[in-house]
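Data block below; observations after.
Every read-out reported here was derived from the displayed coordinates using simple, explicitly stated rules and does not represent laboratory data. In this text, all values refer to a predicted model and were calculated from it rather than measured experimentally.
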Amino acid sequence: VSGIGAKTALGILSAMSADELAQAVAQEDVKRLSSAPGIGKKTAERMVLELRGKLVPENTAAGLFAPAAAAGETDDVVSTLLALGYNEREAKAAVKGIPAGTDVGEGVRLALKNLLK
């Protein structure tokens with residue numbers, strides 16, 4: 001999303017999980033998105049516009065988001081980076097070198113650091 005850098009993205013992920021972010025975008029919940037630090041109403045609206053249709057629930061038949069524990073930690077990190085607008089090649093390259101057993105939040109931080117190099 002234009003106007004959202006790594007620091008703001010980390011702020012968003014500290015305020016909500018990747019699943020909550022995807023759900024807020026899918027439901028066009030500008031109020032929920034603007035509750036994240038550094039995100040105002042206009043930026044939240046831009047997030048909804050630019051991410052709409054890109055964050056698709058895994059279980060579309062029931063309209064439910066897959067639980068975070070169902071996928072591996074690196075899969076969650078890659079999914080989060082994809083939700084932030086990185087392409088799949090960049091996201092997969094960024095998660096290489098992240099130690100096994102790292103939680104998703106720390107994994108995203110490390111991946112974003114790798115992307116900034």
Can you tell me how much longer the chain between Asp29 and Asn114 gets when fully stretched, taken as 0.36 nm per residue apart minus their C-alpha distance, in nm with one decimal?
27.5 nm
Per the C-alpha gyration tensor (a ≥ b ≥ c, the square roots of its eigenvalues), the range 68-116 is rounded if a/c is under 1.5, else prolate if a/b beats b/c, else oblate; here it's oblate
